[in-house]
Each structure stands twice: as structure tokens, then as C-alpha cells.
């Protein structure tokens with residue numbers, strides 16, 4: 001990411017091992033709709049973009065050409081980590097970049113390979129990010145919740161919550 005602050009590093013740490021992100025966009029009638037997509041990045045590039053392969057023949061491709069405002073969310077309940085990213089979607093027509101990001105998982109969905117004209121490389125430039133990351137054990141979390149229930153005060157310090165605005 002352009003700004004290698006601890007918060008930015010934590011953001012990538014939280015999403016890098018989560019296989020699927022849920023990309024939410026607006027449908028033609030204004031409703032929100034989400035699609036599970038595989039994040040292709042091995043790191044976040046200098047433009048703070050995430051990459052996904054999608055088919056050009058699908059509804060998602062058509063909608064994103066019209067309205068590129070999206071949200072991508074990631075969840076790892078086992079690690080108590082949750083991330084919500086807002087940004088602008090665009091399509092990248094760069095065969096070298098497609099090849100660089102290509103993976104066996106992408107090959108399974110697109111047997112024609114990265115040169116298949118049906119394969120679109122979707123880039124989402126992150127504009128805003130928010131994450132929740134709980135390091136406490138389940139037992140400590142339960143204790144804090146029980147204490148809050150007894151005292152009537154909200155639980156304190158159930159993990160790190162940060163918001164980031166990217167350029």
C-alpha cells in the first residue's frame with residue numbers, strides 16, 4: 001500500500017489468507033447484491049488495489065461498467081477478524097498483469113487461461129477501509145462480555161477497530 005503504517009500492514013495481514021471476498025454492487029434496480037470472488041493479489045500494490053477475475057458474459061461485468069462503486073468484505077470468524085473495504089471498480093486490459101496474477105484456482109474457473117477474451121481482470125481501488133481484529137482468546141472475550149452483563153457497562157477493549165482512508 002502507498003502508506004505502510006502499522007494499520008495498513010494490519011489490513012493486508014487480515015485479508016491476505018482469506019480466500020474469498022464478498023463483492024457488493026448495485027443492481028440495475030438499485031438493490032445491493034453480493035458475489036463471492038477470489039482475491040488474486042499476493043500483496044496490495046502501490047495503487048492500493050485488489051484484483052479479481054470475472055467473466056465478461058456475466059451480470060456483474062455489465063453492472064460494474066455502469067456503476068463501479070463497490071464494497072468488498074472479508075471475514076475470518078475463527079480468528080475474529082473482519083474487514084470492510086469501499087472503493088472504485090475498473091477493468092484492466094493488461095495481458096502481462098493477468099498472467100502475473102493467474103493461479104490454479106483461476107484456471108479451474110476459466111479453462112481457456114489468462115488469454116481467453118472472456119476473462120476480465122477486475123481491479124478495486126480501495127478508498128476506505130474498516131477492520132475489527134480481536135486478539136483476546138474466546139475465554140477472555142466471554143469474561144469481558146459476562147462482566148459487561150453484570151455491571152451494565154459495555155465491554156471494553158474487545159480488540160482493535162480502525163478506519164483508514166486511502167488516497
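The values are calculated or read from the model by the stated rules, or taken from the named source; none is laboratory data. In this text, all values refer to a predicted model and were calculated from it rather than measured experimentally. In this analysis, Cβ positions are derived from the backbone assuming ideal geometry, glycine residues included, and neighbour counts consider all displayed protein chains.
Give all pairs with beta carbons closer than 9 Å in which a residue from the range 10-29 that is touching a residue at least 12 places away in the same chain (Cβ under 8 Å) meets a residue that is part of a loop (DSSP other than H, G, I, E, B) and surrounded by fewer than 16 Cβ atoms within 10 Å (Cβ to Cβ); count only pairs at least 6 apart in sequence or on separate chains.
From the range 10-29, the pairs are 12/41; 12/43; 15/41; 16/41; 16/42; 16/43; 25/67; 26/67.
Among the listed residues 119, 124, identify the single one that is under 30 Å from residue 29 (Cα atoms) and under 16 Å from the mean Cα position of the chain (by Cα).
Details: 119 fails: under 16 Å from the mean Cα position of the chain (by Cα).
Every option except 124 fails the conditions.
Would it be correct to say that residue 141 is more than 21 Å from residue 39 (Cβ to Cβ), modelled with pLDDT under 95 and in contact with a helix residue (DSSP H, G or I) (Cβ under 9 Å, 6 or more places away or on another chain)?
Taking the combined requirement at face value, the residue does not satisfy it.
Out of (1) within 15 Å of the chain's Cα centre (by Cα); (2) over 21 Å from residue 10 (Cα atoms), the odd one out for residue 71 is which?
Among (1) within 15 Å of the chain's Cα centre (by Cα); (2) over 21 Å from residue 10 (Cα atoms), the lone unmet condition for residue 71 is (2).
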